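The values are calculated or read from the model by the stated rules, or taken from the named source; none is laboratory data. This is a predicted model, so every value here is computed, not measured. Here the Cβ positions follow ideal geometry from the backbone for every residue, glycine too, while neighbour counts run over all protein chains shown.
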Amino acid sequence: MYRIVSKEQFSPEVFSMEIEAPMIARERKAGQFVIIQKGGDFNERVPLTIADADEEKGTITIVFQRVGASTYLLAEMNVGDYIENVLGPLGSPTHIENFGRVVCVGGGIGVAPLFPIAQALKNAGNDVKIIIGARTKDLIIEEAKMRTIDPDLTIITDDGSYGLKGVVTEPLKALLEKGDVDQVVAIGPGIMMKFCTKTAAEFNTPIIVSLNTIMIDGTGMCGGCRVSVGGETKFVCVDGPEFDGHLVDWDNMLMRQRTYKDQEAEANHRCRLEGAGR
Amino acid sequence: MKSADVLEREAQAALGMIHDGMSAKERAAIPHQDMPQQDPKVRITNMSEVALGYTEDEAVVEANRCLQCKTKPCVNGCPVGIDIPAFIHEITKKDYKAALSVIQESSLLPSICGRVCPQENQCQKFCTVGKMLKDVDQAVGIGRLERFVADHESDSASLPEIAPATGKRVAVVGSGPASIACAADVRRAGHDVTIFEALHKMGGVLSYGIPEFRLPKRLVDKELSKLSDMGIKLEKNVLVGRTRTIKELMEEDGFDAVFIGTGAGLPKFMNIPGENLGSVFSANEYLTRSNLMKAYDQEHSMTPFFHSRRVAVFGGGNVAMDAARTALRLGAETVDIIYRRTRSEMPARKEEIEHAVEEGCNLRLLSQPVEILGDEKGNVRAVVIRKCELGEPDASGRRSPVEIPGSDYTVEYDTVIVSIGNASNPLIKKTTPEIETNRRGNFIVDEETCRTSMEGVYAGGDIVLGAATVILAMGQGRKAARAINEYLAEKK
């Protein structure tokens, strides 16, 4: 059993939770994730990236957006409640080295898992520049934390309600055009990572992306998370979640993510109607 | 198929044939008892168990068919060496408690093995009655009798005796059949045992893989609760290789020995075009959604499953049958099992193939899928299939399939389930290079002791065997337990 020790609501749909999980807190490295199952026979297993950890307190922090029935139920939980199952740390840690000049691009809640990576890159001696983007002001998270790494970070929203107006590929392109970028790291929605990769490709700049595919067990057993990387089938849960963006078959990945879209929309609808009474 | 009532009436009639001092010929003439089962038309609308188990009369009649051979050829076919004639003899005396005690000397999980063992290739293959009648299907129904005893005495199963505490600690990684068998035997010797499971439910393949209609999960839960009653600690949410490594378990956490029974755990794909389309699933994923995540119960389950109409299952093993029959129960209109050899080469248990066919699954034999075609949404639209013929026997002794050039044809499907086996999970191997593995990534162990190349570390089940069976995994678990107990007795 894993106790929720603190909870914060970043915006109407985005939540952060600190959970007691000493073994995971000790073992985890930047870029790894956990799978959470609320308990009982019927709840889904939900993969969520570890946004932060406190080894002394024995806690990990997860940040999630209320998008489906399961994240809706998770958001209903409060400090002192217990989550029955938290498995991790899963996935391979981010490869951290001194690349030189790195641009970290975070979209939506992707900013949360980007933080430990950006921090590790900074600690490894990189010059780290940060771009964070979201649909609208409410969905911009972790700005203060990110400013500790890059005080001059760029904020951009689709509707211009905060920071620049536009999408993250624009400031990314501007930085790449200056010619001072050795490595890009992008975490966010699939479509954002796809276009960041395209942008980086124009400048022959390497890019690391972190994929958030459909997953059940997270141990390599189901293969639901498979993606085509460099023409080979890879499992995000054991081979990833991070890959060379230039090698990812983005269209296939985005298509696979939509496999259950109709059913999930229905479940979400049902769940809200019933007040998540399950 | 005869109804349960008819079978019971026939059993009652057969009871009249039984008397003291019957000759072998007379015993073999007692009709073989079929096991009552749910009507195929009804059962594909529910998840309840297909086979209903013998009634007492049926069990007694079937037990009387056993010749009580002095040489016990059937026992040689049993991977855990149950004294089969002895337990069957107790059934003829209607002393079911005694029958269960005999089984429990060798097997911890009779209710499970009675259901999922491939008896026709093991004990029943060597049965003298089957030999006399020149038909393995006419052998004594040993598996059915085992199941009968386990179910009849499900509340009287006693816990094995446990030796005084030794102070030695053993970690068992994974909670499937190999681990269960190993943990129980190591615990009996007085060692402190902890089972580590990655998933949120214990039981390994018994929980996530084998469907409810073949192995009710209440039985699995019951067997597992026996382990905790024996004082074995069950810890879930620990993925060894990530949460802890084998070395950490031994060097930091104070375990004196480790048994690895993590299963195969990495689904194989065929590497044909279209295999990464949206509605292509590994059998593991399909079955895990349905069994572990309970997606068949859409009223309650939060895990979605893909609503299929026309399903193609690639493969001919037990897992393929399980996936095909699950698809029917989840509402598919047609399910084709596509296999490149013929029915007699299929690796699945005979009964599973029969059940699948009875339920309406089609066998598309001598057929090799060569490409999966997609629709505009990125899901499956059709499969291109190439015809095969049987050639020379291959290494497995089965005649190998040979593709016929120019024979490709296309069949419409909306879902593909790939069930061609599992490779071994790389996680432990990656973090524990001390353990030697073969080309396929399976752990190399000593055949007699299941010892790996790392001191104090033993392994068994599918991580060693590749895809095998529950009972073979249990057999290895027991072998390893014996070796671990010896190792710990010598270790200071």
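For this structure, a couple of remarks:
- Candidates A:158, A:217, A:180 - the one that is within 22 Å of residue A:96 (Cβ to Cβ) and among the charged types (D, E, K, R): A:180
- Unmet requirement for residue A:220, which otherwise passes all of (1) under 23 Å from residue A:135 (Cβ atoms); (2) touching a Phe, Trp or Tyr at 6+ places or on another chain (Cβ under 8 Å): (1)
- Qualifying residue in the stretch A:132-146 (condition: touching a strand residue (DSSP E or B) at 6+ places or on another chain (Cβ under 8 Å) and under 16 Å from residue A:183 (Cα atoms)): no
- Within the stretch B:330-339, the set of residues being over 30 Å from residue B:143 (Cα atoms) and either within 14 Å of chain A (Cβ to nearest Cβ) or in a helix (DSSP H, G or I) (or both) comprises just one member, B:331.
- The set of residues from the stretch B:383-399 being part of a strand (DSSP E or B) and in contact (Cβ under 8 Å) with a residue 24 or more places away in the chain comprises B:383, B:384, B:385, B:388, B:390, B:399.
- Residue check for residue B:310: touching a Pro at 6+ places or on another chain (Cβ under 8 Å) and assigned by TED's automatic domain parsing to the domain that holds residue B:277: no
- Taking the stretch A:12-35 as the range and being of a type in the set (A, V, I, L, M, F, W, C) and in contact with a Gly (Cβ under 9 Å, 6 or more places away or on another chain) as the test, the residues that pass are A:14, A:21, A:23, A:24, A:25, A:33, A:34, A:35.
- Selection count, the stretch A:215-256, where residues are at the interface with chain B (Cβ under 8 Å from one of its Cβ atoms), basic (Lys, Arg) and under 26 Å from residue B:204 (Cβ atoms): 1
- Candidates are the residues of the stretch B:5-34 that are surrounded by 18 or more Cβ atoms within 10 Å (Cβ to Cβ) and touching a residue at least 60 places away in the same chain (Cβ under 8 Å); the one that is farthest from residue B:335 (Cα to Cα) is B:27.
- Just one residue in the set A:56, A:44, A:84 is within 25 Å of residue B:235 (Cα to Cα), more than 14 Å from chain B (Cβ to nearest Cβ), among the charged types (D, E, K, R) and more than 16 Å from the chain's Cα centre (by Cα); that residue is A:56.
- Flag if residue B:252 is surrounded by fewer than 23 Cβ atoms within 10 Å (Cβ to Cβ) and within 11 Å of chain A (Cβ to nearest Cβ): yes
- Residue within the stretch B:415-426 that is more than 14 Å from chain A (Cβ to nearest Cβ) and in contact with a Gly (Cβ under 8 Å, 6 or more places away or on another chain) present: no
- Per the listing B:211, B:160, B:216, the residue uniquely outside the structural domain of residue B:88 (by TED's automatic domain parsing), more than 18 Å from the chain's Cα centre (by Cα) and either over 26 Å from residue B:267 (Cα atoms) or surrounded by fewer than 23 Cβ atoms within 10 Å (Cβ to Cβ) (or both) is B:160.
Every residue, every condition in (1) of a type in the set (D, E, K, R); (2) surrounded by 15 or more Cβ atoms within 10 Å (Cβ to Cβ), yes or no:
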position	(1), (2)
B:388	no, yes
B:406	no, no
B:434	yes, no
B:457	no, yes
B:466	no, yes
B:471	no, yes
B:480	no, yes
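- Residue ID - farthest from the chain's Cα centre (by Cα), chosen from residues in the stretch A:3-18 that are surrounded by fewer than 19 Cβ atoms within 10 Å (Cβ to Cβ) and among the charged types (D, E, K, R): A:3
- Residue within the stretch B:147-169 that is polar (S, T, N, Q), closer than 27 Å to residue B:250 by Cα and within 14 Å of another protein chain (Cβ to nearest Cβ) present: no
- Output for the stretch B:178-218, where each listed residue is in a helix (DSSP H, G or I) and farther than 16 Å from residue B:471 by Cα: B:186, B:187, B:188, B:208, B:217, B:218
- Test for residue A:8: is it in contact with an Asp or Glu (Cβ under 9 Å, 6 or more places away or on another chain) and free of Cβ contacts under 8 Å to residues at least 40 places away in the same chain: yes
- The stretch B:282-296, residues that are at the interface with another protein chain (Cβ under 7 Å from one of its Cβ atoms) and either within 15 Å of residue B:337 (Cα to Cα) or without any contact (Cβ under 8 Å) to a residue 12 or more places away in the chain (or both): B:282, B:293, B:294
- Options B:261, B:265; residue that is more than 9 Å from chain A (Cβ to nearest Cβ), buried (at least 24 other Cβ atoms within 10 Å of the Cβ) and within 18 Å of residue B:179 (Cβ to Cβ): B:261
- Pairs where the first residue, in the stretch B:143-169, is within 18 Å of residue B:470 (Cβ to Cβ) and in contact (Cβ under 8 Å) with a residue 60 or more places away in the chain and the second is of a type in the set (Phe, Trp, Tyr) and surrounded by 20 or more Cβ atoms within 10 Å (Cβ to Cβ), C-beta under 6 Å, 6+ apart: B:144/B:54; B:149/B:96
- With respect to the conditions (1) under 21 Å from residue A:86 (Cα atoms); (2) without any contact (Cβ under 8 Å) to a residue 40 or more places away in the chain, residue B:194 lacks only one, and its number is (2).
- Residue match in the stretch B:307-319 (condition: at the interface with another protein chain (Cβ under 8 Å from one of its Cβ atoms), part of a loop (DSSP other than H, G, I, E, B) and closer than 16 Å to residue B:48 by Cα): no
- For the stretch B:135-153, a tally of residues being part of a loop (DSSP other than H, G, I, E, B), under 16 Å from residue B:63 (Cα atoms) and either not assigned by TED's automatic domain parsing to the domain that holds residue B:95 or not aliphatic (A, V, I, L, M) (or both) returns 1.
- When the stretch A:19-31 is limited to residues that are modelled with pLDDT under 95 and buried (at least 18 other Cβ atoms within 10 Å of the Cβ), the one that is nearest to the chain's Cα centre (by Cα) turns out to be A:31.
- Positions within the stretch B:340-382 being part of a helix (DSSP H, G or I) and not hydroxyl-bearing (Ser, Thr, Tyr), in sequence order: B:343, B:345, B:350, B:351, B:352, B:353, B:354, B:355, B:356, B:357, B:358
- Residue B:326 fulfils the conditions (1) surrounded by 24 or more Cβ atoms within 10 Å (Cβ to Cβ); (2) more than 30 Å from residue B:169 (Cβ to Cβ); (3) modelled with pLDDT under 95 except for a single criterion, (3).
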